[in-house]
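The values are calculated or read from the model by the stated rules, or taken from the named source; none is laboratory data. Everything numeric in this text was worked out from a predicted model, so none of it was measured. Note that we place each Cβ from the backbone using ideal geometry, even for glycine, and neighbour counts take in every protein chain shown. Keep in mind that these areas ignore ligands, DNA and RNA; they rest on the heavy atoms of the full protein, side chains included. Shrake-Rupley method; radii C 1.70, N 1.55, O 1.52, S 1.80 Å.
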Amino acid sequence: REVNGVRDGSPTEGAGRGMTSGHILSVMRRRARIILICTFAAGLAALAFSLLQEQKYEASASLLFREPKFGLNIFGEQTASAPTQADQDRQAATNAQLVNQDIVSARTAKVMGKGFTAAEVKSQVQVSDGGDSDIIDVTATDPDPETARNLANVYATQFIAYRALTDRDQILESKRLLDRILRLGDGAAVDQRSSLENVSEQLGILAGVQTGNVELVQAATVPTDYSTPKTGRNTIFGLLAGLVIGLLVAFLAERLDRRLRSPDDIEDAFGVPVLGAIPETEDIAASNR
């Protein structure tokens, strides 16, 4: 038999139950056990995972990059004009890449000893991009707080030493080329020779005071609390993830469950109004036994 185009006794194909706020709350009440189990299971799993992780400490040292402050260079020319914002951003990114060089990790591993390798140093040290700032942070992570402090400071000082050595070698190479010109340039005018000799002398002085234009402005200190794992944060994220999973499972189970529990469910399923309902009583329940 069909009533209003719907076959009696069979739910309308594709007919869904309205997702009103009342329906959502009723589903959550009926499936509260599933939701709670998923929520607390995920939260406990996140807590257990955090407690099983090895505690690690972070220590940071700060490097300040400076522009040369000589005013005039050795050739008497004015220094470059003020850098633009794009120049500053590019220089900050360049500085971070310079600090992150493999050779600095190798030098640091050699100084640290204790079985440290360059690869381990590179994996335990993070170099932050200074952005608009001329300051670069060197952050070291290690299970031992003192080792984390030492690693950050050694890495920073080794970069300073390497940067100064590189700049010094470049200046000395220029001085060697100039001295060679002076040795071979017998026909050079006396005034030109005197000027070149003066430049060579200035190069030698400049090489001796070279610092790489970078300095350690804040040394790392021994951290008093571990940085990872973040037990509280992980547990909260686990509970939230479990709640979402629990809701999804609850509504999926509700969608697969075709039982009719209320007059509204009957109207939604068959598309006809309910004229009456027989209440559930103890006498009717007893008569059905």
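Couple of notes before you dig in:
- Residue selected from region 115-159 under the condition open to solvent by 60 Å² or more (accessible area, probe 1.4 Å) and among the charged types (D, E, K, R), by the criterion nearest to GLU215 (Cα to Cα): ASP134
- For the residues ALA61, ALA42, the requirement of being open to solvent by less than 40 Å² (accessible area, probe 1.4 Å), at pLDDT 80 or above and within 25 Å of PHE159 (Cβ to Cβ) singles out ALA61.
- Region 99-114, subset in contact with a helix residue (DSSP H, G or I) (Cβ under 9 Å, 6 or more places away or on another chain) and outside any helix (DSSP H, G or I), residue surrounded by the most Cβ atoms within 10 Å (Cβ to Cβ): ASN100
- Listed by first and then second residue, the pairs linking a residue in region 162-185 that is open to solvent by less than 60 Å² (accessible area, probe 1.4 Å) to a residue that is not in a helix (DSSP H, G or I), with Cβ atoms under 6 Å apart and 6 or more places separating them unless they lie on different chains, are ARG163/GLY212; ARG163/VAL214; ALA164/GLN210; ALA164/THR211; ALA164/GLY212; ASP167/GLN210; ASP167/GLY212.
- Residue check, THR147 among the β-branched types (Val, Ile, Thr), under 30 Å from SER60 (Cβ atoms) and at pLDDT 80 or above: yes
- Scanning region 13-28 for residues that are modelled with pLDDT of 70 or more and either of a type in the set (Asp, Glu) or open to solvent by less than 50 Å² (accessible area, probe 1.4 Å) (or both) returns GLY22, HIS23, SER26, VAL27.
- Residue in region 94-113 that is modelled with pLDDT under 65 and within 21 Å of the chain's Cα centre (by Cα) present: no
- Residue in region 245-254 that is among the acidic types (Asp, Glu) and at pLDDT 75 or above present: yes
- The single residue among ASP137, ASP129 that is under 16 Å from the mean Cα position of the chain (by Cα) and in a loop (DSSP other than H, G, I, E, B) turns out to be ASP129.
- Hey, GLU54 under 30 Å from ILE136 (Cα atoms), at pLDDT 80 or above and open to solvent by 90 Å² or more (accessible area, probe 1.4 Å) or not: yes
- Identity of the residue in region 64-93, at pLDDT 70 or above and outside any loop (DSSP other than H, G, I, E, B), that ends up most open to solvent (accessible area, probe 1.4 Å): LEU64
- Among residues of region 213-226 that are farther than 15 Å from LEU98 by Cα, those with a Cβ under 9 angstrom from a residue that is in a loop (DSSP other than H, G, I, E, B) and open to solvent by 60 Å² or more (accessible area, probe 1.4 Å), sequence gap 6+ or separate chain, pair up as TYR226/GLN55.
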